[in-house]
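Working notes, structure below.
The values are calculated or read from the model by the stated rules, or taken from the named source; none is laboratory data. In this text, all values refer to a predicted model and were calculated from it rather than measured experimentally. As a convention, Cβ positions derive from the backbone with ideal geometry for all residues, glycine included, and neighbour counts pool all protein chains shown.
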Amino acid sequence: MIWILGLIGVAVLLVVVFYNRLVALRNRYKNAFAQIDVQLTRRYDLIPNLVEVAKGYMQHERETLEAVIQARNMAVGNLKEAAAHPDDPDAIARLSQAEQGLSGALGRLFALSEAYPDLKANQNMMQLSEELTSTENRVAFSRQGFNDAVMAYNIVREQFPGNLIAGPFNFGPAALLEIDDPVKREAPRVSFK
């Protein structure tokens, strides 16, 4: 009888330990996403200024400028949704798609800006471009931290005995924040020298 009580005690202790570990790991990846949120918000705040500076020089490229703003607005909306639910794989996937669209639009803007030497020499444009490049690097670093935290959580969630505890206590899988196209994994290259 005592060994049965001991066995039940060990089982309860195991459930408590793994439950607490899953909670800690889930909170760690949510905190890591908060760091992405900060950096992406900074990025999104820089983009309207960049477009305003470019607008004066690129009057015939209105469509490109509007595409950048539209992509930025879509990314902002998806970031808000993902920040509210970093444990929702669909919200993370939508953010990833929006980020890909924004990176593509910014890439087109910078490619077109090469045709405007006065724009390339503009001090505000150079400063904004530098800040944007710096922010892109911070986003990449934050995304790596988030993905590492998600990986640690998913490993514990899927391994025995964590998998026995994750299901009944609703610890669903977390999604990595990825960019599918390897070309778009790189920060946009900005050079106005």
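A67: crowded, with 18+ Cβ neighbours inside 10 Å, closer than 16 Å to D45 by Cβ and either among the aliphatic types (A, V, I, L, M) or at pLDDT 90 or above (or both), yes or no? It is false that A67 is crowded, with 18+ Cβ neighbours inside 10 Å, closer than 16 Å to D45 by Cβ and either among the aliphatic types (A, V, I, L, M) or at pLDDT 90 or above (or both). Inclusion of S103 among residues that are in contact with a Pro (Cβ under 9 Å, 6 or more places away or on another chain) and closer than 18 Å to L177 by Cβ is warranted. With respect to the conditions (1) assigned to a helix (DSSP H, G or I); (2) farther than 30 Å from A149 by Cα, N27 lacks only one, and its number is (2).
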